[in-house]
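K.L.:
One structure coming up, written as structure tokens, with questions to follow.
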Amino acid sequence: MPTSILTRTSASTSRTQRRGPACASSPEVFQDPLVEDPPRGGLTSADRERQTRLLARARATCAGCPLRTACLYDAVVTHDVAGMAGGTTARQRTEVRRRLGVVVDAEDLDTLAGVVGARQVDHDEVLRLRRAHPDETLEQLAQRLGCSLSTVKRHLRRSRQEPAERRTVTRPLPAQVLRVTSAVVDGAPGARYAA
């Protein structure tokens with residue numbers, strides 16, 4: 001019998017923290033190209049069968065993982081990750097985001113990897129630092145951010161030109177993500193979920 005996306009496990013948090021996510025013990029499944037970044041069509045029947053088996057193993061592993069809900073929520077709301085996460089494929093998570101109206105920015109992998117140089121400066125971070133340090137010069141803010149003075153000025157100028165009422169993006173609750181994910185995985189119609 002398939003495990004529902006809403007199924008919760010009773011594993012203790014301390015045991016989970018020691019063990020880590022269940023997918024970490026199965027890299028041969030989760031890092032396989034047929035799961036991680038499946039090709040769009042053109043698979044041989046043998047590859048399709050292999051992909052089906054790998055996806056079933058991945059879903060079963062996710063179903064038993066005590067971190068599944070947190071993993072799924074982060075993969076839908078916070079990070080645009082490839083492959084299987086929280087028992088869902090990247091395509092399924094895209095549909096969940098569409099139904100919930102969630103937009104996730106692409107990851108800045110250079111920054112995550114610690115690459116310095118021509119990196120993007122986050123607009124909201126510039127504004128946050130300005131509010132947190134109103135007495136600092138713009139040069140000091142630029143040093144804190146590791147960018148040029150002109151970059152700080154450009155972001156501050158942009159904030160003055162934006163309408164005062166910026167659209168506030170509200171994040172869905174984890175229970176909403178679970179319900180919509182369950183509908184997507186179980187093949188329910190594509191109606192948008194009402195919060």
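The values are calculated or read from the model by the stated rules, or taken from the named source; none is laboratory data. This is a predicted model, so every value here is computed, not measured. Here Cβ is always computed from backbone atoms with ideal geometry, including for glycine, and neighbour counts include all displayed protein chains.
K.L.:
Mind telling me which of the residues V76, V29 ends up being touching a strand residue (DSSP E or B) at 6+ places or on another chain (Cβ under 9 Å) and surrounded by 15 or more Cβ atoms within 10 Å (Cβ to Cβ)?
P.N.:
When all the criteria are applied, what remains is V76.
K.L.:
Checking A46 against (1) surrounded by 17 or more Cβ atoms within 10 Å (Cβ to Cβ); (2) over 20 Å from the mean Cα position of the chain (by Cα): exactly one of these is not met. Which one?
P.N.:
Every listed condition holds for A46 apart from (1).
Residue by residue, here is whether (1) modelled with pLDDT under 60; (2) in the same structural domain as H123 (by TED's automatic domain parsing); (3) touching a strand residue (DSSP E or B) at 6+ places or on another chain (Cβ under 9 Å) holds:
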position: L156; (1), (2), (3): no, yes, no
position: R166; (1), (2), (3): yes, no, no
position: V177; (1), (2), (3): no, no, no
position: R192; (1), (2), (3): yes, no, no
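K.L.:
Restricting attention to the range 84-104, which residues are small (G, A, S) and surrounded by fewer than 20 Cβ atoms within 10 Å (Cβ to Cβ)? Step through it out loud before you land on a result.
P.N.:
Within the range 84-104, the first condition is being small (G, A, S), and the residues that meet it are 85-87, 90, 101.
Hits for the range 84-104 are A90, G101.
K.L.:
Moving on to the next point. Criterion first (among the acidic types (D, E), modelled with pLDDT of 85 or more and either under 30 Å from R59 (Cα atoms) or in a helix (DSSP H, G or I) (or both)) does E125 satisfy it?
P.N.:
Yes.
K.L.:
Could you say whether any residue in the range 133-140 is surrounded by fewer than 10 Cβ atoms within 10 Å (Cβ to Cβ), modelled with pLDDT of 80 or more and either of a type outside the set (S, T, N, Q) or not in a helix (DSSP H, G or I) (or both)?
P.N.:
Quick first cut of the range 133-140, residues surrounded by fewer than 10 Cβ atoms within 10 Å (Cβ to Cβ) only: 134-135.
Cutting the leftovers down to modelled with pLDDT of 80 or more gives us 134-135.
Narrowing further to those that are either of a type outside the set (S, T, N, Q) or not in a helix (DSSP H, G or I) (or both): 134-135.
Yes, the range 133-140 contains a residue that is surrounded by fewer than 10 Cβ atoms within 10 Å (Cβ to Cβ), modelled with pLDDT of 80 or more and either of a type outside the set (S, T, N, Q) or not in a helix (DSSP H, G or I) (or both).
K.L.:
Then there is this: Does the range 38-48 contain any residue that is of a type outside the set (G, A, S), in contact with a helix residue (DSSP H, G or I) (Cβ under 6 Å, 6 or more places away or on another chain) and at pLDDT 90 or above?
P.N.:
Among the residues of the range 38-48, not one is of a type outside the set (G, A, S), in contact with a helix residue (DSSP H, G or I) (Cβ under 6 Å, 6 or more places away or on another chain) and at pLDDT 90 or above, which makes the answer no.
K.L.:
Here are some conditions: (1) more than 24 Å from P33 (Cβ to Cβ); (2) modelled with pLDDT under 90; (3) more than 11 Å from the chain's Cα centre (by Cα); (4) not aromatic (F, W, Y). L109 meets all but one. Which one does it not meet?
P.N.:
Condition (1) is where L109 drops out.
K.L.:
Shifting gears a bit: Based on this model, can you work out whether A75 counts as without any contact (Cβ under 8 Å) to a residue 24 or more places away in the chain, within 23 Å of R179 (Cβ to Cβ), in the same structural domain as P21 (by TED's automatic domain parsing) and out of contact with any His (no Cβ under 7 Å at 6 or more places or on another chain)?
P.N.:
Yes: the conditions hold for A75.
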